[in-house]
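The values are calculated or read from the model by the stated rules, or taken from the named source; none is laboratory data. No experiment lies behind these values; they were computed from the predicted model shown. Cβ sites come from the backbone with ideal geometry, for glycine too, and all protein chains shown count toward neighbours. These accessible areas exclude ligands, DNA and RNA; they are computed on the full protein's heavy atoms, side chains included. Shrake-Rupley method; radii C 1.70, N 1.55, O 1.52, S 1.80 Å.
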Amino acid sequence: MAVSDQETYVTPKVAQPYWAKHAYEVLVETAGRYNAVITYSELAEEVQRRSSLHTKSAMRNWIGGLLADLVKVNHVRSEPPLTSLVVHKDDGQVGTGYDEVLRVYGHAPIQDQLERETHAAASRLECYRHWGADVPADAKPTLSTRAREVRERRPRVAAVEPRRGAVCPTCFMEMPVSGICANCD
């Protein structure tokens, strides 16, 4: 990508206030489209493009701080957390940084990824409704399209058939329902 004369390279600390303004705008635009999400990298590219402030610092070193600032802005304004719209490109899920949303809104961190993602899906639905997306009246929180695809492709763990009888204390083989071990009898 060619850099024009109007683009400037700065540290994330210098750019953060400008990026926050643009990130808020981008996420409000995203929230205006029902079931829309944006990846961390797409958001990072867009805030740099809109602000003309670029950084050579890796996105993973500054995107979390930017999103944490937005969580506080949403909370102060009594808005749903726009950061719930930001997902990983590979699995379509929010990252562990979503715990900042939980902390600011007075909830405990969620360790289980599916439970965290379910919470984020509910927050996304609130965002769509708050920022005027065309949301069906019977809409329910849903995982992002990418998260659903990844979950559907994940191999299912075969259900373990429960034992039918007790285990013999001598040979550790399953005994028939009669309770008499055929191996040790």
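Please tell me if T55 is within 19 Å of the chain's Cα centre (by Cα) and hydroxyl-bearing (S, T, Y). Walk me through how you get there before you give the answer.
Details: within 19 Å of the chain's Cα centre (by Cα): no; hydroxyl-bearing (S, T, Y): yes.
It is false that T55 is within 19 Å of the chain's Cα centre (by Cα) and hydroxyl-bearing (S, T, Y).
Select from the range 95-135 the residues that are hydroxyl-bearing (S, T, Y) and within 13 Å of the chain's Cα centre (by Cα) and list them in ascending order.
Residues satisfying the conditions are T96, Y98, T118, S123.
Could you tell me whether the range 9-25 includes any residue that is open to solvent by less than 40 Å² (accessible area, probe 1.4 Å) and in contact with a Lys or Arg (Cβ under 6 Å, 6 or more places away or on another chain)?
The answer is yes; a qualifying residue exists.
So if I check each of R156, R129, which one is open to solvent by 70 Å² or more (accessible area, probe 1.4 Å), more than 19 Å from A36 (Cα to Cα) and either of a type in the set (D, E, K, R) or modelled with pLDDT of 95 or more (or both)?
Values: R129 fails: more than 19 Å from A36 (Cα to Cα).
Going through R156, R129 in turn, just one is open to solvent by 70 Å² or more (accessible area, probe 1.4 Å), more than 19 Å from A36 (Cα to Cα) and either of a type in the set (D, E, K, R) or modelled with pLDDT of 95 or more (or both): R156.
Quick one: in the range 100-125, which of the residues that are among the acidic types (D, E) and under 25 Å from E29 (Cβ atoms) is least open to solvent (accessible area, probe 1.4 Å)?
Per the criteria, the residue is E117.
Just give me the residues in the range 132-148 being of a type outside the set (D, E, K, R), surrounded by fewer than 20 Cβ atoms within 10 Å (Cβ to Cβ) and in a helix (DSSP H, G or I), in sequence order.
T145
Would you be able to say whether some residue in the range 96-111 is in contact with a strand residue (DSSP E or B) (Cβ under 7 Å, 6 or more places away or on another chain) and at pLDDT 95 or above? Please lay out each step first, then the result.
So in the range 96-111, the residues in contact with a strand residue (DSSP E or B) (Cβ under 7 Å, 6 or more places away or on another chain) come out as none.
No, because not a single residue in the range 96-111 is in contact with a strand residue (DSSP E or B) (Cβ under 7 Å, 6 or more places away or on another chain) and at pLDDT 95 or above.
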